[in-house]
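The values are calculated or read from the model by the stated rules, or taken from the named source; none is laboratory data. Values in this document were obtained by computation on a predicted structure and should not be read as measured data. All Cβ positions, even for glycine, are placed from backbone atoms using ideal geometry, and neighbour counts span all protein chains on display.
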Amino acid sequence: MKLIKSIFGIFFMAGIILTPQYISAQLKSSEKIIIVVDPGHGGRDSGAIGVNGIQEKEVVLKLALHMQKLNQEVFQNKFEIYLTRYSDTLISLSDRSKIARSLNADLFISLHCNHSPVPGSRGIEVYVSRKIGINQNESIYLAYQIEKSIAQRTGIKSRGVKFSDFQVLRETTDISSSVLIELGFLSNSDEADYLRDTSNFVVLCLGILNSINKVDLRLSRNILE
């Protein structure tokens, strides 16, 4: 599967689209949970800008790459983790969901940072699609696990689990369990400084991965199907 991941990355970076049939054939024998991590924004879309100058697009990409690294070093490649972008490029929202569909993902996680005109706004939020579908209950359960785990590990205030009509959630909820995480406010000086320090990324990523590790998404999915 490492070879498959490498091939996927090379083809994707080269702009070559792999057909769903090809990818499915390569992944068919995998018993691992397939996770698509979506670092928001990218390229000319910087996302939120922190009060300390950090850019959302850079923070979430570094976090996504840390998740891949920790999966290898801590979880011994228990998961198959793919990213919707591996560099500072802009991927359309529809293409992000197409990647999840092509890979027959068990889980789609979109990573973002928040921003508010109120400097005192703080905390993490985890979103689930408003759209009712076969994976909604699993998405809600996982969202609560992630929200609780990150808050406990980091001490960052939790603003709870919320429902939204974000496009990436709406288009992936019928494909897999699907959540969008807002990892703190870049408009808040304390949280912006926290997210600038990459040494904190291990704690954040472990909070997410440990939550996934507790939930057998593939088993739940097979039962519902």
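Out of everything in the range 142-158 that is in contact with a Ser or Thr (Cβ under 6 Å, 6 or more places away or on another chain) and in contact (Cβ under 8 Å) with a residue 24 or more places away in the chain, what residue ends up being surrounded by the most Cβ atoms within 10 Å (Cβ to Cβ)? Can you show your working first?
First pass over the range 142-158, keeping only residues in contact with a Ser or Thr (Cβ under 6 Å, 6 or more places away or on another chain): 142, 145-147, 149, 151.
Imposing the further condition that a residue be in contact (Cβ under 8 Å) with a residue 24 or more places away in the chain reduces the set to 142, 145-146, 149, 151.
Details: L142: 26, Q145: 21, I146: 23, S149: 19, A151: 17.
Per the criteria, the residue is L142.
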Please go through the range 196-224 and give me each residue that is over 18 Å from I35 (Cβ atoms), at pLDDT 80 or above and part of a helix (DSSP H, G or I), ordered by number.
R196, T198, S199, N200, V203
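Count, please, the residues in the range 86-95 that happen to be closer than 15 Å to K57 by Cα and either in contact with a strand residue (DSSP E or B) (Cβ under 7 Å, 6 or more places away or on another chain) or part of a helix (DSSP H, G or I) (or both). So that I can check it myself, show each step before the final result.
Going residue by residue through the range 86-95, those that are closer than 15 Å to K57 by Cα are 86-93.
Now narrow it down to the ones that are either in contact with a strand residue (DSSP E or B) (Cβ under 7 Å, 6 or more places away or on another chain) or part of a helix (DSSP H, G or I) (or both): 88-91, 93.
Result for the range 86-95: 5.
Restricting the search to the range 95-113, which residues are among the charged types (D, E, K, R) and farther than 30 Å from K157 by Cβ?
Step one: filter the range 95-113 for residues among the charged types (D, E, K, R), giving 95-96, 98, 101, 106.
D95, K98, R101 - these are the residues of the range 95-113 that are among the charged types (D, E, K, R) and farther than 30 Å from K157 by Cβ.
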The residue that is nearest to S211 (Cα to Cα), considering only those in the range 74-85 that are within 14 Å of the chain's Cα centre (by Cα) and either outside any loop (DSSP other than H, G, I, E, B) or polar (S, T, N, Q) (or both), is F79
One residue from N71, N52 being at pLDDT 95 or above, over 13 Å from the mean Cα position of the chain (by Cα) and surrounded by 18 or more Cβ atoms within 10 Å (Cβ to Cβ)
N71
Looking at V161, V128, V179 in this structure, which one is surrounded by 17 or more Cβ atoms within 10 Å (Cβ to Cβ), touching a strand residue (DSSP E or B) at 6+ places or on another chain (Cβ under 6 Å) and farther than 17 Å from V37 by Cβ?
V161
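Counting only residues that are among the hydrophobic types (A, V, I, L, M, F, W, C) and over 17 Å from H115 (Cα atoms), how many does the range 162-185 have?
Step one: filter the range 162-185 for residues among the hydrophobic types (A, V, I, L, M, F, W, C), giving 163, 166, 168-169, 175, 179-181, 183, 185.
Now narrow it down to the ones that are over 17 Å from H115 (Cα atoms): 163, 168-169, 175, 179.
Of the residues in the range 162-185, 5 are among the hydrophobic types (A, V, I, L, M, F, W, C) and over 17 Å from H115 (Cα atoms).
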Name the residues in the range 153-195 that are over 27 Å from D95 (Cβ atoms) and either out of contact with any helix residue (DSSP H, G or I) (no Cβ under 8 Å at 6 or more places or on another chain) or in a loop (DSSP other than H, G, I, E, B) (or both), would you?
G155, I156, K157, R159, S187, N188, S189, D190, E191, A192, D193
